[in-house]
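First up is the structure itself, then whatever we jot down about it.
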Amino acid sequence: MKHLLTTTLLALGLAAALHAADTTPLEVAGLTFKYPATWTKAATASMMRVATLEAKVEGVEKPLEVAFFSFGAAGGVKANVDRWLGQFAPEPKAESKIEEIDAGGTKVTLVTATGTYNDGPPMGAKTPKADHTLLGAIIPAGDNNVFIKLTGPKDAVAKLAAVVRQLATSPFTK
């Protein structure tokens, strides 16, 4: 009985330590991103991703993925905004909004697009998903850019919009 109690306490302590590690700030391309304690770091599913966070949203079965990419300037801001908007079916036309915000002297570009999102790998088959939103951010990081991308059902992404905005500017706020 004593051995079982000790083992259980050690397992609980290890689980708590692992969970605490999940909420540590995320380092990408020399920038430190702060995210809510309710979000967790997840395995990165793609060679192009440098990090993935999972955000649970009430009413949505699976957590939404907030993906981080960093691979140089990668064509610049406009090319990436155009590529993101191009991931939506042409009809009906996606509603989109592009804004530049000042984050402590650094210009962060935020992109929001809603419509039929063509989900899938860059060179592979796509699955059209109606009423989906892409929320993205392009953040300069020296010679690189950091790209943050969240896609999912329109209502679920809307619940995370303010938090993603804070996430994108968190490296530049005290």
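Values in this text are rule-based calculations from the coordinates and carry no lab data. The structure presented is a predicted model; accordingly, all values stated were derived computationally and were not measured. Using ideal geometry, Cβ is built from the backbone for each residue, glycine included, and neighbour counts are taken over all protein chains shown.
Quick notes on this structure:
- Taking the criterion of being under 23 Å from Met123 (Cβ atoms) and in contact (Cβ under 8 Å) with a residue 24 or more places away in the chain, the residues of the range 51-65 that qualify are Ala51, Glu65.
- Members of the range 141-160 found to be within 18 Å of Ala29 (Cα to Cα), surrounded by fewer than 21 Cβ atoms within 10 Å (Cβ to Cβ) and of a type in the set (A, V, I, L, M, F, W, C), listed by number: Ala141
- Taking the range 149-159 as the range and being under 23 Å from Ala89 (Cβ atoms) and out of contact with any Gly (no Cβ under 6 Å at 6 or more places or on another chain) as the test, the residues that pass are Leu150, Thr151, Gly152, Pro153, Lys154, Asp155, Ala156, Val157, Ala158.
- Of all residues in the range 88-104 being surrounded by 15 or more Cβ atoms within 10 Å (Cβ to Cβ) and touching a Gly at 6+ places or on another chain (Cβ under 9 Å), the one that is nearest to Ile138 (Cα to Cα): Ser96
- Any hit, the range 161-173, residues being surrounded by 11 or more Cβ atoms within 10 Å (Cβ to Cβ), assigned to a strand (DSSP E or B) and in contact with a Pro (Cβ under 9 Å, 6 or more places away or on another chain): no
- Pairs where the first residue, in the range 29-49, is touching a residue at least 24 places away in the same chain (Cβ under 8 Å) and closer than 24 Å to Ala103 by Cα and the second is in a loop (DSSP other than H, G, I, E, B) and among the aromatic types (Phe, Trp, Tyr), C-beta under 7 Å, 6+ apart: none
- Near pairs, Cβ below 8 angstrom, 6+ apart or cross-chain, from the range 107-128 (of a type in the set (Lys, Arg)) to any residue that is surrounded by fewer than 20 Cβ atoms within 10 Å (Cβ to Cβ): Lys107/Glu100; Lys107/Ile101; Lys107/Pro140; Lys126/Asn118; Lys126/Asp119; Lys126/Gly120
- Residue count for the range 129-174 satisfying the condition of being free of Cβ contacts under 8 Å to residues at least 60 places away in the same chain and on the phi > 0 side of the Ramachandran plot: 1.
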